[in-house]
Amino acid sequence: MDKILYRLRECSLLFADDDPLFREETAQLLRYLFREVAVAGDGREALELYRQQRPDIVLLDILMPGLNGIEVVRHIRAHDPYTPILMLTGHSSESVLLDAVKLHLEDYLLKPFDQKRLIDALSRCIRRLDQLQPARVRLVGGAEYDLESRGVWREGQQLRLGAKESELLHLLVRTHPRVVAKSAIEDAIWENDMTESAYRNLVNKLRRKLGQDSIQTLPGIGIRAVLQ
């Protein structure tokens, strides 16, 4: 369970539901579990947020104005067959479950659900993400990173990274190709407030070891790993 919770803290989630009270209560729980949570109140907003942010996991209510959950999933699946998607529903009709199977949903949750049921469903999503991600990746500049051992090699030599350098690299590779904001890095690997100079120093030290082109900076937005 601890491993699953740790992995969730590395991930981003899109959550959409049109019930304001349920949406706010559930969003509070999700923000505790995830590194980043985008919240939408209807299907069109959910689809727009998906296109902008490309979250790791999607959690959608089936009955929403504009576009319903099934229609949102159809739009997503037209271009993205892999992102784990969970569906929320207030009923368990056979037609809904058949649609869920056709759209390759990871799971569905009947409202109201308890935290254990939610964690179980999210665990399935994490396992799917881990199956999709290769065990070892190569960054631009030639460094290779093993996600299991967290070892780093460049030109045949294993690199020695500091604890925070290692955490930052792991976060960037796990979230690739998304951009990670400074605030998200601070939440994930820093105990206290991270000054701008500490942030720049950490990124620059990691760049010097991996190669200057291994990390891309998008001014005012954040940074991301650049993989070959």
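Can you tell me which residue is modelled with the highest pLDDT among those in segment 13-36 that are touching a Pro at 6+ places or on another chain (Cβ under 7 Å) and either among the basic types (Lys, Arg) or farther than 23 Å from Ile189 by Cβ (or both)? Talk me through it step by step, then tell me what you get.
Just the residues of segment 13-36 that are touching a Pro at 6+ places or on another chain (Cβ under 7 Å), to begin with: 13-14, 18.
Those still in the list that are either among the basic types (Lys, Arg) or farther than 23 Å from Ile189 by Cβ (or both) too: 14, 18.
Details: Leu14: 96, Asp18: 93.
Going through the qualifying residues, I end up with Leu14.
Just to be sure before I move on: is Arg74 of a type outside the set (Gly, Ala, Ser), surrounded by fewer than 17 Cβ atoms within 10 Å (Cβ to Cβ) and closer than 19 Å to Leu103 by Cβ in the structure I sent?
Criteria met by Arg74.
Looking only at segment 173-214, count how many residues are of a type in the set (A, V, I, L, M, F, W, C), at pLDDT below 90 and in a helix (DSSP H, G or I). Before you say what the answer is, go through the steps one by one.
First, the residues of segment 173-214 that are of a type in the set (A, V, I, L, M, F, W, C): 173, 179-181, 184-185, 188-190, 194, 198, 202-203, 206, 210.
Then drop every residue that is not at pLDDT below 90, which leaves 173, 179-181, 184-185, 188-190, 194.
Narrowing further to those that are in a helix (DSSP H, G or I): 173, 184-185, 188-189.
Selection size over segment 173-214: 5.
In segment 129-165, which residue that is of a type in the set (D, E, K, R) and in a loop (DSSP other than H, G, I, E, B) is surrounded by the most Cβ atoms within 10 Å (Cβ to Cβ)?
Applying the first criterion (of a type in the set (D, E, K, R)) to segment 129-165 yields 130, 136, 138, 144, 146, 148, 150, 154-155, 160, 164-165.
Filter once more, keeping what is in a loop (DSSP other than H, G, I, E, B): 148, 150, 155, 160.
Working: Glu148: 8, Arg150: 13, Glu155: 8, Arg160: 9.
Result: Arg150.
Filtering segment 1-36 down to residues that are under 17 Å from Phe113 (Cα atoms) and small (Gly, Ala, Ser), which residue is surrounded by the fewest Cβ atoms within 10 Å (Cβ to Cβ)?
The qualifying residue surrounded by the fewest Cβ atoms within 10 Å (Cβ to Cβ) is Ala27.
The values are calculated or read from the model by the stated rules, or taken from the named source; none is laboratory data. Note that the structure is a prediction, hence the values are computed from the model and not measured. When we count neighbours, we look across all protein chains shown, and the Cβ atoms used for this are built from the backbone with ideal geometry, even at glycine.
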